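For reference, the structure is listed below as C-alpha cells.
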Amino acid sequence: MPNSERSASRRFDHDYGVTTHAILFLTDLDPEHVGDAGAHATHYEAVPVGDFRALISELPMEAIVTSTFVDVGAGMGRAVLLAAEYPFKQVTGIELSPGLYEVARENLERADRSRRTCRDVRLVRGDARSWSYPPGNLVVFLYNPFDGEAMRATLGSILHRRNPGTTWLLYHTPVERDIIESDPNWQLTTSSRSGLMYRHD
Ligand SMILES: C[S@@+](CC[C@H](N)C(=O)[O-])C[C@H]1O[C@@H](n2cnc3c(N)ncnc32)[C@H](O)[C@@H]1O
C-alpha cells in the first residue's frame, strides 16, 4: 500500500473514531467459524476511501435513491460507513467472519451519526454466497472478497432474489471480472482505476 493511501486510511479511522485499518487473514482470525467459505475468501483489507467515493460517483442519483446498497464482505465496516453518507434506501453489510462482524458492529455504534444520510444501516453475519438478497433495485459493492467459485454462487443468489429490479455491481480489484462478463446480461458501464461498474436489468 503506498504511503499516501496508508495515511488516508489512518485519517479515516481517526476522523470517524473507528478501527478499520488492518490486513488480516480469516484463516488466522476465526477459521473454525467460517466453514468452507474460508477456503474461497481473500484477506481482509479496508477499501481506499478515495476509490470508494470515485466508484459511487459513477452511479446515477436515481439509482442511489431507489436502491439498497449491499457490501458483500463488509469486513470492519468501512464501505458500509461510507455508503451510509449517501441517500440509499438502505445500507447493509454482510460479513462471514464473526470476529470482523463484531468489530464492524462496534464501529457502527461508535461512528459519528451526523455524517449519515441513510437512516437504515444494517450488518448481517453470514455467507454472501447463499444469502437472501433484498428485493428491488440493488447496488452491490465487492472489494475482491473471494475467488471465482464463490463469485459465481454469489451472482446466482443476487440475480435469483425475489422481485429483482435493476442490479448495479461496483467491483474494486476485479480479479474475477471474466465470470461477470461471461454473462452478456451484465453490461459494463464504467471502467476506471477505482474499479468497474456493471448494470443488469
Ligand atoms: C477485501 S475485504 C473488504 C472489506 C470491506 N468491504 C471494505 O471495502 O472495507 C473482503 C471481505 O470479504 C469477506 N468475505 C469473504 N468471503 C465471504 C463470504 N462468502 N461471505 C461474506 N463475506 C465474505 C472477508 O471476510 C473480508 O472481510
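Computed quantities for the displayed model
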read-out: Some residue of the range 88-103 being more than 14 Å from the ligand (Cβ to nearest atom), without any contact (Cβ under 8 Å) to a residue 60 or more places away in the chain, acidic (Asp, Glu) and surrounded by fewer than 18 Cβ atoms within 10 Å (Cβ to Cβ); value: no
read-out: Search result, residues across the range 113-158 that are outside any strand (DSSP E or B), among the hydroxyl-bearing types (Ser, Thr, Tyr) and modelled with pLDDT of 95 or more; value: Thr117, Ser130, Ser132, Tyr133, Thr154, Ser157
read-out: Residue in the range 165-186 that is exposed (fewer than 14 other Cβ atoms within 10 Å of the Cβ), in a strand (DSSP E or B) and touching a Phe, Trp or Tyr at 6+ places or on another chain (Cβ under 8 Å) present; value: no
read-out: Selection within the range 63-111 - part of a loop (DSSP other than H, G, I, E, B) and polar (S, T, N, Q); value: Ser67, Ser97
read-out: Which numbered condition Arg161 misses (of (1) assigned to a loop (DSSP other than H, G, I, E, B); (2) out of contact with any strand residue (DSSP E or B) (no Cβ under 7 Å at 6 or more places or on another chain); (3) within 13 Å of the ligand (Cβ to nearest atom)); value: (3)
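The values are calculated or read from the model by the stated rules, or taken from the named source; none is laboratory data. The shown structure was predicted, so the numbers you read here are calculated from the model rather than taken from an experiment. Here Cβ is always computed from backbone atoms with ideal geometry, including for glycine, and neighbour counts include all displayed protein chains.
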